[in-house]
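The structure appears below as structure tokens.
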Amino acid sequence: MARRSKTSPFEDLIFIASRLPWWLSLLIALATWLYFHSVAISPPPTVTDPKQFASAMTGQVWRTFAMFLQYIVPVAFIFGAIGSVFARVKRRKLLDDVASATRPGKTLEGISWQQFEQLVGEAFRRQGFTVTETGGNGPDGGIDLILHKGSEKHLVQCKQWRANKVGVAVVREFFGLIAAEGATGGFVVTSGSFTVDAKSFASGRNIRLVEGSELNHWVAASRRAQANSSVVIPVQTSFVPVPPSGTPSCPVCNSVMQKRVAKRGPNIGREFWGCSQYPKCRGVVEAQLVGASN
């Protein structure tokens, strides 16, 4: 989300903390207090050599800073945790308003792009994800949400496009972001729909395209699940690639395979099919076997 300019470092810390889960901000507040407090109360070293004077002065300056930071940094994260709690309440109300859709201004198309990102984040939260809001770089930013569940990390890009369909260029660029961040997969969520080319590109890759109609279903299901104290939102988070025609599946993990060339060993220069999940999976199929089966 857009930030106002010329903020103080203290305000920046509060803003960062407010984007984290409240419990994480409190843990950081405790950890930073323990660290800076230990530095502040540490005794200065005894200087026995003039050459140690410079390092002793540096240490004393750092201890002086720590005397103030032991209060400033934890307080900022505590304020951020409080802001995170209030923001969560606000997001819950937003989701309920969109689910009921009693007013035109509270539909997916009627809310602002900032509210759209908040709504999507809350929908994923109710699916059991830990959600970190990065804010992207505006209404057409890069990564808007980072999801964690267990050891898996997923990225989310939100596109509240009221008129145009989301094209393949957006999905292709997002695929590059997933690879660069080392994420398990990602979601592109829009209030509208995707072009045929965008859907074709996402097919077989670790990208989940969520259109407005499906998002509305998530929102409605989230509201019902909260009322029934059970979560039953059909969100696909297991990305199993669908291999194109002629491409084998890995005999070990059933993922799509990629054609490679051996660079060393007795089969150097020969083509083979290697698992796309390498090095997690080392499944191999000889290229000749695939050709013979076709």
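Counting only residues that are at pLDDT 80 or above and either in the same structural domain as Thr132 (by TED's automatic domain parsing) or surrounded by fewer than 16 Cβ atoms within 10 Å (Cβ to Cβ) (or both), the stretch 5-25 holds 7 of them.
Being more than 28 Å from the chain's Cα centre (by Cα) and in contact (Cβ under 8 Å) with a residue 12 or more places away in the chain is a condition met by at least one residue of the stretch 51-58. Among the residues of the stretch 16-60, those that are in a helix (DSSP H, G or I) and hydroxyl-bearing (Ser, Thr, Tyr) comprise Ser18, Ser25, Thr32, Tyr35, Ser38, Ser55, Thr58. Just one of (1) within 22 Å of Phe86 (Cβ to Cβ); (2) in contact (Cβ under 8 Å) with a residue 40 or more places away in the chain fails for His154. It is (1). The condition of being surrounded by 12 or more Cβ atoms within 10 Å (Cβ to Cβ), within 27 Å of Thr130 (Cα to Cα) and touching a Pro at 6+ places or on another chain (Cβ under 6 Å) does not hold for Ala87. When Leu13, Leu69 are screened for being within 26 Å of Gln118 (Cβ to Cβ), under 35 Å from the mean Cα position of the chain (by Cα) and in a helix (DSSP H, G or I), only Leu13 passes.
The values are calculated or read from the model by the stated rules, or taken from the named source; none is laboratory data. Note that this is a predicted model, so its numbers are computed, not measured. Backbone-built Cβ (ideal geometry, glycine too); neighbour counts: all protein chains shown.
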